[in-house]
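Following: one structure in structure tokens, then a few remarks.
The values are calculated or read from the model by the stated rules, or taken from the named source; none is laboratory data. Only a predicted model underlies this, so the values are computations on that prediction, with no experimental measurement involved. Cβ placement follows ideal geometry from the backbone for every residue including glycine, while neighbour counts extend to all protein chains displayed. The accessibility values were calculated without ligands, DNA or RNA, using every heavy atom of the protein model including side chains. Shrake-Rupley method; radii C 1.70, N 1.55, O 1.52, S 1.80 Å.
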Amino acid sequence: MLEAMRKSLRSPISVAFLLLIVLSFVVWGTGDIFQGGTGDAVVIVGPEKITVDEYASAWRREVNSRIRTSNGQFSEIEAKERGMDEQLLERMISETALDAKLNELGVSVSRQMMLEYAKGYEAFKDPLTGEFTDDQYLLTLTQAQLTPKMFEAEAKASLGRQQIMSAIIDGVNAPISYTRNLMAFQQEMRQIESVFLPSSSLPAPPEPTREQLQKMIDENPAQFAIPERRAATLVLISASDLELDIQPTEEELRATFEFRKAEFTKLETRSWVQVPANDQVTAELVANRLQAGEEAADIMLDMKLDGTPIVLEDADVSNSPDDQIAEIVFAATAGDTGATEGRFAWAAWKLQSITAGEEKTFEEVQDQLREDFTREEARNRLFEIMGDFEGSRGDGMTMDEAAEAQNLVAISLPPVDRSGLNETSETIEFYTNSPEMLETLFLLDELVESDIEETEQGDFYALSVDEIVSARNPDLDEVLDHVKSAWTLQQTSNALRELANGVKAALDAGEIASEVAAKYPQARMEISILNRYQPEPTIPANLVRQLFSMEPGQSTYVFSAPTEEIIVSRLQTIIPAPATPDASLLLSRSQLDQELSQDIESQFITGLRSSYTIRRDNRLKDLALGDG
């Protein structure tokens, strides 16, 4: 077949066809075929897109903002661990969907709206005059790693989104009557009387006859059927078994140590305080006062500087808000102060302490190196054996023959059901340790071998189904204990239900609850006041829900598993909610308006996103995050 293909490719038509294919790759690239065709976009939302640069810039601003607000006690690694990268992308997708709708509707933003928007930012106002100034505007954007063009583009988009969302949610007001009824519903209470009947007060059911047990089996065949069981042959290739035969030499361990030396080196860390400043003069004034022993917070307050001091404790050179300032600090000695122009702005700093780095010796990490080397070498041998095993099977050997050829043991396993239990209801260790094997077992047909599969522990296995024992109806003696337990449980349940129905009938007939309780040994009566949203310790939540849907005089019951009691309750009185002052009513209405607006906004965004085709390129997302 391959030879025929080679001959066909020698024809002029085939050569021309291949040239056309190559030319199409040169002109359009391979992205549409192999990666969904997102080009330079991390996400495409309908006609709009989020480019790699846009996502990378947004991510950098998000992380740096968190680093600044946490006084350096936050890192990009932690941000990713918390899923902030995905949260940011989801937020940007929603915003991009809104932008697409804005463009469809032709919504525009005027220059005056942009100016008012910028003037409303507190960060753009001069600390002394409280007025918007161009200098403060540019300084704030620089500190936030934004250019005026970038900010104005984001502001324009934000204002446009606000316009469309305000059109959706403006005027959403809960009717005052609805607010009043809702508060009345929430604050209503109910007084009940309950009879508690412990299940221990019931006599034990009599010993069942064989006829009764057989009848139970006949009426519930699925409950007592002997399930299908399967016997198997297992070939397990385990790295932990291979580790026993691996003994690394000291030479090998020393070579590994040299390769991993950086891993066993603890970097030097430093603790310092950092005060952001608007210019070099201010930074030098602050540095001089820090050198004189004044506290950073006191200096900022006295000089009316914005923000708070940035305090870094045991930070290494790579984990600081500004790498340019960190480079200078790490060249200083303890107690030094300075004024340095950083990546975003000037800052004064004072180095408080230095924690020296530490480099572990070979002898200190020798045991760890041996363990890691052994594990890695075992893993390599495991893949080699697995490849040879699969190669033998590919050459026509059976699973048993391929195992013998590679000196692997084929293990016979007894028939088990889907729960991994054998005929005596005992578990089989292989299936307990690796439930994937059990799942594979019940996916195969009889006498069929599986492919090589991997367990959660990193071992590999193959198995074959040797025999399938079909499900069947049991003889009574095979399941005698099981049927007896089920029969006893059924009789107890019937007795409890009969007892509960008797007490309920008495309460429904108007009998006094305390007198009803007195008729039964160990029973007691309690009166309770119920609130919809505040649990009552002795009344289960499902009983409370029932009682809030009933009328006075009606009763119901539940079985409380934690206390093993039947609780029969009768609703005595509905206690209406107190009159709500107008101020409280208006406050609740305002809160309800906000909740309604949020619900409508959320539903609108969800619907809007579903109206566009959204395509993601996770490879480009990783590239934007620096992981590609």
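Tabulated data
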{"quantity": "Test: residue in region 111-131 that is among the polar types (S, T, N, Q) and under 24 Å from T308 (Cβ atoms)", "calculated": "yes"}
{"quantity": "Region 148-172, subset part of a loop (DSSP other than H, G, I, E, B) and under 35 Å from the mean Cα position of the chain (by Cα), residue surrounded by the fewest Cβ atoms within 10 Å (Cβ to Cβ)", "calculated": "D170"}
{"quantity": "Strands (runs of 3 or more DSSP E) wholly inside region 470-577 that include at least 2 residues being more than 30 Å from S425 (Cβ to Cβ) and not hydroxyl-bearing (S, T, Y)", "calculated": "524-531, 565-575"}
{"quantity": "Which numbered condition T580 misses (of (1) modelled with pLDDT under 90; (2) more than 33 Å from the chain's Cα centre (by Cα); (3) exposed (fewer than 14 other Cβ atoms within 10 Å of the Cβ))", "calculated": "(3)"}
{"quantity": "Qualifying residue in region 577-600 (condition: of a type in the set (V, I, T), free of Cβ contacts under 8 Å to residues at least 12 places away in the same chain and out of contact with any Asp or Glu (no Cβ under 8 Å at 6 or more places or on another chain))", "calculated": "no"}
{"quantity": "Cβ-Cβ under 7 Å pairs, at least 6 apart or on other chains, region 616-628 side aliphatic (A, V, I, L, M), far side part of a helix (DSSP H, G or I)", "calculated": "L620/V52; L623/V52; A624/V52; A624/Y55; A624/A56; A624/W59; L625/W59; L625/D85"}
{"quantity": "Residues of region 503-525 satisfying the condition of being open to solvent by 30 Å² or more (accessible area, probe 1.4 Å) and touching a Phe, Trp or Tyr at 6+ places or on another chain (Cβ under 7 Å)", "calculated": "K504, R524"}
{"quantity": "Selection from region 274-315 of residues that are in contact with a Lys or Arg (Cβ under 9 Å, 6 or more places away or on another chain) and small (G, A, S)", "calculated": "A287, A296, G307, A315"}
{"quantity": "Selection count, region 253-269, where residues are among the acidic types (D, E) and assigned to a helix (DSSP H, G or I)", "calculated": "2"}
{"quantity": "Verdict on Y117 being in contact with a strand residue (DSSP E or B) (Cβ under 7 Å, 6 or more places away or on another chain) and either open to solvent by 20 Å² or more (accessible area, probe 1.4 Å) or not hydrophobic (A, V, I, L, M, F, W, C) (or both)", "calculated": "no"}
{"quantity": "Selection within region 202-216 - open to solvent by 60 Å² or more (accessible area, probe 1.4 Å) and either assigned to a helix (DSSP H, G or I) or among the hydrophobic types (A, V, I, L, M, F, W, C) (or both)", "calculated": "A204, R210, E211, Q212, Q214, K215"}
{"quantity": "Restricting region 407-445 to residues that are in contact (Cβ under 8 Å) with a residue 60 or more places away in the chain and of a type in the set (D, E), the residue that is most open to solvent (accessible area, probe 1.4 Å)", "calculated": "E423"}
{"quantity": "Cβ-Cβ under 7 Å pairs, at least 6 apart or on other chains, region 241-254 side surrounded by 11 or more Cβ atoms within 10 Å (Cβ to Cβ), far side at pLDDT below 90 and of a type in the set (S, T, Y)", "calculated": "E243/T374; I246/T374; P248/T374"}
